[in-house]
Amino acid sequence: MAAPFNMPDEFIQGFFQSGQTLLQAYTGAFGKIGEAPSTYSSIPALALAQAQAHYWQQQMALYAGMMANATGRKSEPTVQPERGDRRFNAEAWSANSWYSLLKQTYLLNSRLLNDMVEASGVSEKEKHKLRFYARQFIDSMSPANFAATNPEAIQTAVETQGESMRTGFANLLEDLKRGRISITDESAFEVGRNVAVSKGSVVFENELFQLIQYAPLTDKVAERPLVIVPPCINKFYILDLQPENSFVRFAAEQGQTVFLVSWRNPDAELGHITWDDYVEKGAIKALEVGRAISRADKVNAVGWCVGGTILSSALAVLRARGDEPVASLTLLTTMLDFSDPGDLGVFIDEQGVSQREQTIGRGGIYSGGELGFVFQTLRANDLIWPYVVNNYLKGGAPQAFDLLYWNADGTNLPGPMYAWYLRNMYLENNLCKAGRLSICDTPVDLGKIDMPSYIFGTQEDHIVPWKGAYRSTQLVGVQTQFVLGASGHIAGVINPASKNKRSYWTDGELGDDPQAWLQSATSHPGSWWTHWSNWLQVHSGKQIAAPKKPGNAEFKPIEPAPGRYVAKHPPAEIGA
């Protein structure tokens, strides 16, 4: 039977392998009774013993405190949740002695397991994997996640005379049918109705993408247009959710003519598509069409996440061919040097990549549902367990949230493209090594990408760690600006200037050390959007009259934005 919620095989295998590794590290450190410690060395054995001793000291303090409370003497909790942990916010977790004991015992056990991981005598790469899977186990075993040990779930069941339990079970069955946990009210949104509503037209399409040209919002526009290559892992409209948080609308309001790639969600028909296709038929073609329609000497290009990796690959190919169609490059939370891929790296090893190459790498599709689950596990206490508690234990319904609606609207990836990407980026880190890769039959060198560049990372990014994004400053551009935004991979990018929230850092001393850059950088309140817009103006050319209609004689409008390719169930004739 298939795993629920599209759980990928790599996750299940990694979970059990990490458990075995930790057990081996533990038993290897202490050895059998009467035997010397194994090759894991005596230092981990001492650390493990210290962790265990500290655990029992805290357990004794916990029980002493509980006894004091039972006799009417107030005592402070032995252990508290970490800052920002919302699982135990309900009053009962503190006011009720039983739930307080349950919470604190769980937190102490969690810390012991973490201490065991840190004390294990394994390589740093293996320890990173242990940390990740230990966190998954710890998060999953929270007493808040079980109906019998969640005081709010029990109280809700009593108050509703069991109706919440019935509704919660119905919610679970419905989610099992759809293969994923519901994290927002999907009925509240519709692409083209209340998300992805900026006016524009599809001016080009092929089997891989549609190119949208958005209507101008100013009388004068920059001579050089803006061409945006978003990730192909999700749909483009994260950049155009609603008018108040639309990056597309903001750019148009600043006098930019915006072209945006809308990738097709591949099905079996596109199971042969490769990375080279995404570069040649995707990014390079989009740059060519945007330039032709605007009749500009060059365009300004923006890439986000894997869209930025595709765009950078395209620019390296174009530079090797002697073509210079781009005036400036903006990379948003993009990784070009994959030496430190963060938690995503725990899923990547030679065995797993080889398996993908031998299966879908020869033709097929990697499910967007599986990929979505992987991303959710990176922030399970934000994107999995709160919805398990709310939807299933309490019988509640998730709230309407445009960003989470987009998050749930995942896309597949062609197997050959995905397998090549895993090996050459995550496993072997080939792209950042000059001449190591040939893309579109062209040896590529990122160092040849010599236009001014704006590199943006986010401080709490769980997909592209900001120090990994920073490394791009050492690979591309001759006038490089690095900017670090607060928050994470999505919320840090979609930070509207009109709301003036969060903060960002600029003007640190560029060099090999990202931490040194941060220490020398200047903090600014509000959104980075305005800073980027001011930077972009320098590279946008003179002001000209805004185009009166989209496209041109060669590239005529095909249909209104947002286009067919972004639909949840696009018609079969797409790309015909």
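The values are calculated or read from the model by the stated rules, or taken from the named source; none is laboratory data. A quick note: this is a predicted structure, and the numbers were derived from the prediction, not measured. Cβ sites come from the backbone with ideal geometry, for glycine too, and all protein chains shown count toward neighbours. Accessible surface areas use protein heavy atoms only, side chains included; no ligands, DNA or RNA. Shrake-Rupley method; radii C 1.70, N 1.55, O 1.52, S 1.80 Å.
Which of the residues spanning the stretch 358-382 are touching a Lys or Arg at 6+ places or on another chain (Cβ under 7 Å) and more than 23 Å from LEU130 (Cα to Cα)? If the condition is that a residue be touching a Lys or Arg at 6+ places or on another chain (Cβ under 7 Å) and more than 23 Å from LEU130 (Cα to Cα), then GLY369 is the only one that fits.
Given the structure, is ALA119 of a type outside the set (Val, Ile, Thr), farther than 24 Å from GLY395 by Cα, in contact with a Leu (Cβ under 7 Å, 6 or more places away or on another chain) and crowded, with 17+ Cβ neighbours inside 10 Å? Break it down into steps so the answer makes sense when it comes.
Working: of a type outside the set (Val, Ile, Thr): yes; farther than 24 Å from GLY395 by Cα: yes; in contact with a Leu (Cβ under 7 Å, 6 or more places away or on another chain): yes; crowded, with 17+ Cβ neighbours inside 10 Å: yes.
Considered against the rule, which asks whether it is of a type outside the set (Val, Ile, Thr), farther than 24 Å from GLY395 by Cα, in contact with a Leu (Cβ under 7 Å, 6 or more places away or on another chain) and crowded, with 17+ Cβ neighbours inside 10 Å, ALA119 comes out as yes.
Every residue in the stretch 381-406 that is in a loop (DSSP other than H, G, I, E, B) and not charged (D, E, K, R), please.
So the first thing to find is which residues in the stretch 381-406 are in a loop (DSSP other than H, G, I, E, B), and the list is 384, 394-401.
If the condition is that a residue be in a loop (DSSP other than H, G, I, E, B) and not charged (D, E, K, R), then ILE384, GLY395, GLY396, ALA397, PRO398, GLN399, ALA400, PHE401 are the ones that fit.
Looking across the stretch 141-194 at every residue that is in a loop (DSSP other than H, G, I, E, B) and open to solvent by 60 Å² or more (accessible area, probe 1.4 Å), the one that is modelled with the lowest pLDDT is identified as ARG180. Applying the criterion of being of a type outside the set (A, V, I, L, M, F, W, C) and part of a helix (DSSP H, G or I) to the residues of the stretch 519-547, the residue that is surrounded by the most Cβ atoms within 10 Å (Cβ to Cβ) is HIS531. Filtered by the rule that a residue be touching a helix residue (DSSP H, G or I) at 6+ places or on another chain (Cβ under 8 Å) and on the phi > 0 side of the Ramachandran plot, the stretch 409-440 gives a lone residue, CYS440. Candidates are the residues of the stretch 45-65 that are surrounded by 14 or more Cβ atoms within 10 Å (Cβ to Cβ), aliphatic (A, V, I, L, M) and at pLDDT 85 or above; the one that is farthest from the chain's Cα centre (by Cα) is ALA61.
Applying the set (1) assigned to a strand (DSSP E or B); (2) free of Cβ contacts under 8 Å to residues at least 60 places away in the same chain to LEU211 leaves exactly one unmet item: (2).
For the stretch 319-352, enumerate the residues that are closer than 16 Å to LEU431 by Cβ and open to solvent by 10 Å² or more (accessible area, probe 1.4 Å). Matches in the stretch 319-352: ARG319, ALA320, ASP337, SER339, ASP340, PRO341, LEU344, GLY345, ILE348.
Could you tell me which residue of the stretch 353-380 is farthest from LEU270 (Cα to Cα), considering only residues that are polar (S, T, N, Q), open to solvent by less than 50 Å² (accessible area, probe 1.4 Å) and assigned to a helix (DSSP H, G or I)? Lay out the reasoning, then the answer.
Step one: filter the stretch 353-380 for residues polar (S, T, N, Q), giving 354-355, 358-359, 367, 376-377.
Next, only the ones that are open to solvent by less than 50 Å² (accessible area, probe 1.4 Å) stay: 354, 367, 376-377.
Add one more test, that the residue is assigned to a helix (DSSP H, G or I), and what stays is 354, 376-377.
On the way: SER354: 21, GLN376: 26, THR377: 28 Å.
My answer is THR377.
GLY492 fails exactly one of the following numbered conditions: (1) touching a residue at least 60 places away in the same chain (Cβ under 8 Å); (2) out of contact with any Ser or Thr (no Cβ under 7 Å at 6 or more places or on another chain). What is the number of that condition? The number of the failed condition is (2).
When we screen VAL197, VAL221 for residues that are within 25 Å of GLY303 (Cα to Cα), out of contact with any His (no Cβ under 6 Å at 6 or more places or on another chain), of a type in the set (A, V, I, L, M, F, W, C) and open to solvent by 40 Å² or more (accessible area, probe 1.4 Å), the only hit is VAL197. Of all the criteria given as (1) under 23 Å from VAL346 (Cβ atoms); (2) of a type in the set (A, V, I, L, M); (3) touching a residue at least 40 places away in the same chain (Cβ under 8 Å), the one not satisfied by ALA92 is (1).
Taken as a whole, the structure places GLU509 among residues that are acidic (Asp, Glu), in contact with a Phe, Trp or Tyr (Cβ under 7 Å, 6 or more places away or on another chain) and either under 27 Å from LEU318 (Cα atoms) or surrounded by fewer than 18 Cβ atoms within 10 Å (Cβ to Cβ) (or both). Residue-level check: of (1) farther than 29 Å from TRP529 by Cβ; (2) open to solvent by less than 10 Å² (accessible area, probe 1.4 Å); (3) at pLDDT 95 or above, GLY395 misses just (2).
Going residue by residue through the stretch 210-227, is there one that turns out to be in contact with a helix residue (DSSP H, G or I) (Cβ under 6 Å, 6 or more places away or on another chain) and within 30 Å of VAL389 (Cα to Cα)? No.
If you take the residues in the stretch 447-486 that are part of a loop (DSSP other than H, G, I, E, B) and within 21 Å of the chain's Cα centre (by Cα), which one is surrounded by the fewest Cβ atoms within 10 Å (Cβ to Cβ)? The qualifying residue surrounded by the fewest Cβ atoms within 10 Å (Cβ to Cβ) is GLU460.
Is it true that HIS489 is within 22 Å of the chain's Cα centre (by Cα) and open to solvent by less than 40 Å² (accessible area, probe 1.4 Å)? So HIS489 passes the test.
In this structure, does CYS305 turn out to be surrounded by 24 or more Cβ atoms within 10 Å (Cβ to Cβ) and touching a His at 6+ places or on another chain (Cβ under 8 Å)?
On the way: surrounded by 24 or more Cβ atoms within 10 Å (Cβ to Cβ): yes; touching a His at 6+ places or on another chain (Cβ under 8 Å): yes.
Against the criterion (surrounded by 24 or more Cβ atoms within 10 Å (Cβ to Cβ) and touching a His at 6+ places or on another chain (Cβ under 8 Å)), CYS305 qualifies.
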